[in-house]
Each structure stands twice: as C-alpha cells, then as structure tokens.
1. Under the Karplus relation 6.51 cos²θ - 1.76 cosθ + 1.60, θ = phi - 60°, what is the ordered set of whole-Hz ³J(HN,Hα) values for the stretch B:297-302, x standing for Gly and Pro?
2. Can you list the residues, at least 5 places off or on another chain, whose amide H is less than 5 Å from the amide H of residue B:52, using H built in the peptide plane?
3. Report, largest value first, the span of the C-alpha coordinates of the stretch A:86-145 along each principal axis, in whole Å.
4. For residue A:206, which sequence-distant residues (separation of 5 or more, or a different chain) have an amide H within less than 5 Å of its own amide H, given hydrogens modelled in the peptide plane?
5. Run the helix sum for the protein assembly as shown: -39,500 (n - 2.57) per DSSP H stretch of 4+ residues, divided by residue count, reported at 222 nm to the nearest 500 deg cm²/dmol.
6. Hey, which lysines would be in cross-link range of residue A:139, C-alpha to C-alpha under 29 Å, not counting anything within fewer than 8 residues on its own chain?
7. Determine, from the Cβ-Cβ distance of residue B:401 and residue A:210 and an R0 of 35 Å, the FRET efficiency 1/(1 + (r/R0)^6), rounded to the nearest 0.05.
8. Can you bin chain A into rounded, prolate or oblate? Criterion: square roots of the alpha carbon gyration tensor eigenvalues sorted a ≥ b ≥ c, rounded for a/c under 1.5, prolate for a/b above b/c, oblate for the rest.
Amino acid sequence: MNNAVAVAGLSKRFGDTVAVDAVDLEIAQGELFSLLGPNGAGKTTLMSMLAGLLRPDAGRATIAGRPAGSAAARAVLGVVPQDVALYPDLSARENLAFWGSMYGLRGAPLRRRCDELLGVIDLEDRQRDRVGTFSGGMKRRLNIAAALLHEPAVLMLDEPTVGIDPQSRRAILDYVAALNRAGTTVLYTTHYMEEAQELSHRIGILDHGRVIALGTHAELVRIVGERDVIDLELSTDAVAADLGDAFVDVPGVGADGANAEDGHLRLLAEDSETALPRLFQRAATRGVSIRSVTVTEPNLESVFLQLTGRALRD
Amino acid sequence: MKLVTLAWKDIRRQFRSGLLLVMMVGAPLLITGLIDLAFNSPAGTVEIATVTLAVADLDTPPAGAPVAAGRTLVAALSTPALAPLLSVVPVDGADAARAMVARGGAGAALVIPPDFTAAMLGEVPSATATLTTDPARPLGAGVAQDVVQRALDTLSQSALAARLTLQRVGGPAAGSLATQAALRVALSAPRMAGAGGVVVDAPEGSSPSFVARMAAQVMGGMMIFFVFFTGAYGASSLLREQEEGTLPRLYTTPTGAATVLAGKFLGTAVTLAVQIAVLVSASALIFGIRWGHPLPALLASAALIVAASGFGVLLLAFVRTSRQTGPMFGVVLTVTGMVGGLMTSTFTNLPAGLALASRFTPQGWAMAVWRLCLDGRGVGAMAVPLAVTAAIGAACLAVGVPLMRRRFAQGVPS
C-alpha cells in the first residue's frame with residue numbers, strides 16, 4: 001500500500017523542550033487521519049515539519065513519496081493553518097486567485113477553480129468583498145478553500161474549527177468529509193475528540209510530542225475496556241485532589257485514570273451504578289458534598305485520561 | 001510569473017490603504033501647497049518685502065582709472081527698476097555693514113573690496129566681493145544674492161569682453177590705457193534703451209517662477225522624506241505578513257523563499273516609482289515645478305528608489321514586531337530626514353556642520369541629486385551624488401537582505 005504520508009523518527013526540540021519526540025506515522029492514500037491531543041502536545045510542530053516550515057532535528061518524512069518540505073512535496077500538499085492566513089484587504093476572489101497562482105495555476109483553469117470553490121464554500125455573493133469584512137466562519141471556509149485550488153493529494157488541516165460558531169463548524173466538518181470521500185488524503189489535527197471520532201478512519205493521540213496511541217476509534221476505546229468516566233463536581237479543587245487518593249481504593253474504581261482539577265474529580269469505573277453510592281458514601285465520611293455527577297461511556301476522552309492521567313482539554 | 005503576482009498583490013494592498021495614500025501623495029503635496037500658498041497671493045503675483053542691502057564700498061580705483069567699478073556696482077543696484085526688491089543703504093566699513101545685518105537692520109550686507117576696480121581692469125588677478133545674509137530671512141537673502149550675483153556677472157562679463165577684444169585687436173601692445181578706455185565704454189554703455197550704465201535685470205524673484213523654484217525645493221525635500229517612509233513601510237510588510245500568518249503559508253506552497261523576497265522588493269520598488277511619478281506630475285501641474293531633464297530625473301528617481309528601499313530593509317532589522325515599526329521608523333526617518341536637509345531645502349545659509357552632517361544620511365545625498373536635477377543640470381553634473389545615493393541604498397540592501405533572509409526565510413527552501 002502506498003502511503004500518502006510517512007513519518008519515521010521525526011523529532012524537534014526548542015531549547016530544553018521536546019516538541020516532537022521520535023514520531024513514527026504512516027497515513028494511507030485516501031485515509032482521513034486525525035491527530036488528537038491537548039494544546040501544546042506537538043500537533044502544530046509536527047504539521048509544520050511536514051509542510052516544510054520547520055526543519056526536523058532528526059528523522060524523515062515524505063508526502064506522496066516526496067521528501068517533506070521539497071518543492072515537489074509542497075506542490076501536492078494543501079495546508080490549512082490554524083489561524084486564518086488570508087489578505088484582509090483583498091477580496092475573496094482575489095485571495096483565491098493569488099493562492100492559486102502560488103500553486104502554479106493560471107488563466108482559465110484558475111478562474112474556473114475559483115468559481116467552483118466559491119460555490120462550494122457558499123461565498124459566491126461575497127466574492128468581490130474584502131475578506132476583512134467577513135465573519136469568522138466565512139474566513140475559516142475561505143481559509144480552507146485557499147488550500148484546495150490545486151486539488152492537493154494530501155490536505156493538512158490544523159485545528160480548523162477553533163473559535164467558530166457551531167453552524168460553520170458543522171459546514172467545515174461536512175466539507176472535510178466530502179473531500180475525503182472524493183479521494184483526498186486528510187491529516188486533521190484537533191483537540192476536540194468528537195471531531196476526531198466523527199471524521200476519522202484512524203486516530204493518533206499525541207501527548208508531549210509522542211504518539212501514545214494509534215488506531216481506529218473502536219481500537220482505541222478498547223484500551224479502557226468497558227469502563228465509564230465518572231466526573232464528580234466537588235466543593236473545592238483542593239478537596240478534589242485529596243479525595244482522589246481516597247477514592248481509588250473503592251472496588252471497581254481504577255487508580256490508573258484518576259484526575260482532579262478545577263473542583264472536578266474524574267475516575268474510571270467498571271460499573272458506575274455500583275461505584276457511585278460508594279463514592280457518595282466515601283465523600284460524606286470526608287464531609288465533602290458532591291454538587292453534580294456525570295457518567296460518560298468509554299470514549300477518546302477516557303482513553304486519554306487512562307493513558308496520561310489528564311483530561312484531553314487540559 | 002509568481003514574482004509579478006507577489007509584487008502585484010503588495011502593490012494592490014498598499015494602494016488600497018487610505019492612510020498610506022495620504023502619506024505617500026497627500027502629505028507632500030499638502031505641505032508644499034501650504035508653503036506655496038504662503039508666498040503666492042491669490043492673484044498669482046509675488047509679494048516679497050523689499051530687502052535692505054547694506055553696502056560698504058571699499059573700492060579704491062588705481063590712479064588714473066577711467067571708472068570706479070565699485071561705484072558703478074552700487075549705482076546698478078540702486079536703479080529704480082530694482083527698487084521694489086532692493087533698498088541700498090551705503091555704510092562705512094565692512095564691520096558696520098555686517099553689524100547692520102546682525103541687528104536686523106538689513107537683510108544682507110555687501111562688502112566691495114578695495115581692489116575691485118583693479119580686478120576689473122585686469123591689474124590684479126581677482127577680487128572678492130562678500131555678501132552676508134540673514135539666515136532668518138531666507139527669502140530676502142535669496143533675492144539679495146540673486147540681484148548682486150547678476151550685477152557682478154554683468155560687470156565681470158563686460159570688463160572681460162573689453163579686455164579680450166582689445167587683446168585681439170591690438171595684441172600684447174595694447175596697453176592699460178586702451179583697456180581702461182574700452183572698459184569705460186563697456187561699463188557705461190546702455191544695455192537697454194533709456195537706461196544708462198550697467199543694467200541688472202530684475203531677478204526671477206519678481207515672477208511666479210521664483211516661488212515655483214522655492215516650491216520645487218520644498219517639494220523635492222518632502223518627496224524624498226515621504227518616499228523613504230513608503231520604502232520602510234514596504235519592507236515592513238514582510239513583518240506584517242509573518243504576523244498575519246500569510247508568510248508561513250506562502251512557504252507551504254511550491255514558491256521559493258528567494259522568489260517571495262524578490263516579489264516583496266519588486267512590489268516596493270514599483271510602489272515607490274508610482275509615488276515619485278505621481279508626485280512629480282502632480283506638483284508640475286499644481287505648482288508649475290520643472291523637474292529638470294527627463295534622463296537626469298529618471299536616474300534620480302532610480303537612485304531614490306534604491307536608497308529608500310535599501311534603507312527600509314536595513315531599518316527592518318532593528319524592529320521585532322510590526323507595532324514597533326511606527327515609532328521606530330517615525331523617529332529614525334524624521335531625524336535622518338531633518339539632518340539630511342529635507343526640512344530646510346530652501347535655506348542657503350545652513351551652518352557648515354549641518355551641511356556636512358547631511359552627507360552622512362541617504363536623504364542628504366538624495367536631496368543633493370534632486371537639487372541638481374531641479375536646477376536643470378545634466379547627468380554628468382549629478383554623477384557623484386547620484387552614484388553615492390545608489391551606493392548607500394545598495395550597501396543597506398547588502399547588509400539588510402541577509403538579515404532579512406535569516407529572519408524571515410530560515411530553513412525554508414529557496
């Protein structure tokens with residue numbers, strides 16, 4: 001099988017901080033692969049090395065078989081940066097035409113492609129307006145379209161839904177899924193587990209620059225078995241931290257995923273119905289009140305909690 | 001082709017910025033217009049106060065000299081035709097004349113040396129008449145200088161012509177007496193019907209072109225001042241693009257770093273060329289400024305573009321964020337512009353130290369080029385300042401471009 005993206009032993013260090021630590025990764029052609037991880041996990045650094053913006057300290061990477069960062073690799077790669085990177089004083093059409101020409105498109109093919117994409121992102125009516133006058137969602141859609149003019153074999157999107165309204169987010173997710181169905185290989189980074197869960201064929205979980213888990217959603221969830229995540233909202237953060245140690249010896253509650261912060265105590269429990277009364281009882285003996293309880297079935301959040309002892313959105 | 005696309009993108013962005021357009025074109029024209037308005041009456045005629053000229057005539061003609069050239073000069077300057085411009089006040093001695101200027105009692109002082117007539121007769125190699133002007137009254141100083149210069153030129157030319165004619169006609173045998181006779185004729189011959197003695201034409205100060213010349217100096221200074229701002233702004237667009245994320249994004253496309261940076265230069269250079277062309281054309285139409293011959297003006301423009309863009313690139317090395325560019329560029333370009341004489345382009349009596357200091361700024365050399373261009377001088381006359389201006393720009397680029405590459409394109413394939 002030909003890999004659209006192949007990464008072997010890729011590392012990057014900034015001073016004493018290891019941003020990416022010997023990452024190995026293979027993404028097949030036509031695959032939609034999500035990199036999931038909290039802020040600062042190394043997702044953007046990894047993407048930057050694949051896009052040729054950063055030189056790795058060690059390891060190698062290829063895009064469609066071409067060395068990452070080479071002109072040949074960049075010609076088949078579309079990059080959607082995390083922040084909107086467009087010219088606010090140019091119109092939507094002028095922006096698309098400019099980015100298209102940077103990928104070597106000219107004349108009628110460029111115009112046709114601009115027309116197509118303006119239609120797809122629903123900005124035909126605003127194509128002559130300056131981007132500076134657009135809403136956040138419109139800019140995000142245009143930001144994606146600017147990476148698609150040359151119909152790239154591989155599309156990398158770095159947290160494209162951060163800070164936008166639910167409607168625009170839905171539109172972007174649908175569009176990314178449609179692109180993938182049309183044959184584009186997609187590398188998608190996010191710290192929203194719902195997005196990774198919904199979109200991806202496979203998911204890689206990144207933490208402190210290392211891929212700590214890799215597989216399909218079902219495969220990853222199997223890591224935590226059938227355990228639920230119990231989220232207890234307690235009176236204070238300090239109390240939550242104290243109780244964490246006290247609760248892990250409750251039968252059926254695992255010590256491996258306990259996490260306390262912001263007044264919340266999160267635990268992995270094999271049978272939440274049995275565990276909850278005992279947890280309430282233990283809290284009462286400690287004189288702590290539980291304000292609310294949330295029980296979640298096994299998901300990527302619980303996987304991350306199990307593997308790192310931290311919540312995904314920390 | 002990508003180079004042109006990159007440059008065109010920058011040009012469009014710059015010309016869509018209202019503030020930048022005001023800085024590029026509006027401000028220099030407005031400042032020149034205000035100064036022009038201050039010296040130009042609504043009827044279009046010049047209203048210049050009469051300049052008092054203190055004259056110390058120390059001329060002592062040799063024995064038997066047919067004329068006293070000093071007296072002839074004073075008489076020429078005192079003719080009714082010049083009365084609206086010049087009021088001649090005879091004083092005793094050079095010190096008295098200069099003291100009168102220092103007190104503000106006169107706008108200028110002329111000291112005619114003792115051997116003035118002897119020099120006219122060719123009996124001594126030369127004599128120097130000294131004109132002292134009040135730097136606080138540059139317009140009056142300019143008028144006095146203009147009138148006195150013309151009078152001296154007329155006297156010298158007449159005397160020289162007489163001596164040469166006699167030498168050709170009479171050869172070496174023609175003696176001093178013959179020269180004196182011829183000189184008497186030359187200096188007393190009417191040049192205009194009804195006028196006797198040496199006639200000095202009224203200087204251009206009595207016509208709108210005098211003000212136009214002054215406006216041209218102001219406009220030249222302002223043009224250079226604001227062109228340097230545009231050059232710095234153009235260079236800083238790289239910093240803005242880096243902050244906006246469009247520069248990193250450009251490097252994710254199959255476009256080399258060298259092309260991206262070259263596109264930036266091209267965009268800035270074209271913007272500067274358009275700015276100069278618009279300012280030159282608009283000022284010619286509005287203020288009647290004549291910018292000299294086409295080729296020198298073209299070369300002066302090219303040198304100015306190199307200097308302004310080069311200086312901008314160098315300045316960019318000293319700022320970290322785009323927020324710093326405003327204060328940093330404002331201070332540096334204003335100070336170097338002032339030292340370079342852009343704000344005092346109409347003053348002729350600047351202290352020698354300031355004139356020397358202007359030679360250490362690119363603006364000072366650019367002003368020297370454009371001053372010559374405005375005077376209608378040819379390429380040969382402006383070769384040195386032209387070459388120095390361009391060389392300063394090239395040196396700034398030589399230092400600034402590697403710094404820029406290291407900062408904005410490090411690790412990016414070229």
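Here, each number is a calculation from the coordinates, and none is a lab measurement. None of these values were measured; they are calculated from a predicted model. Methodologically, a virtual Cβ is constructed for each residue, glycine included, from the backbone with ideal geometry; neighbour enumeration extends over all protein chains shown.
1. My calculation for the stretch B:297-302 gives 5, 5, 5, 4, 5, 4 Hz in order.
2. B:87, B:107, B:108
3. The Cα atoms of the stretch A:86-145 stretch 29, 20, 18 Å along their principal axes.
4. Residues meeting the amide H criterion: A:36, A:37, A:212.
5. Details: 27 runs with 373 residues, N = 728.
Result for the protein assembly as shown: -16500 deg cm²/dmol, rounded to the nearest 500.
6. A:43, B:2, B:9, B:264
7. According to the calculation, E is roughly 0.30.
8. Verdict is prolate for chain A.
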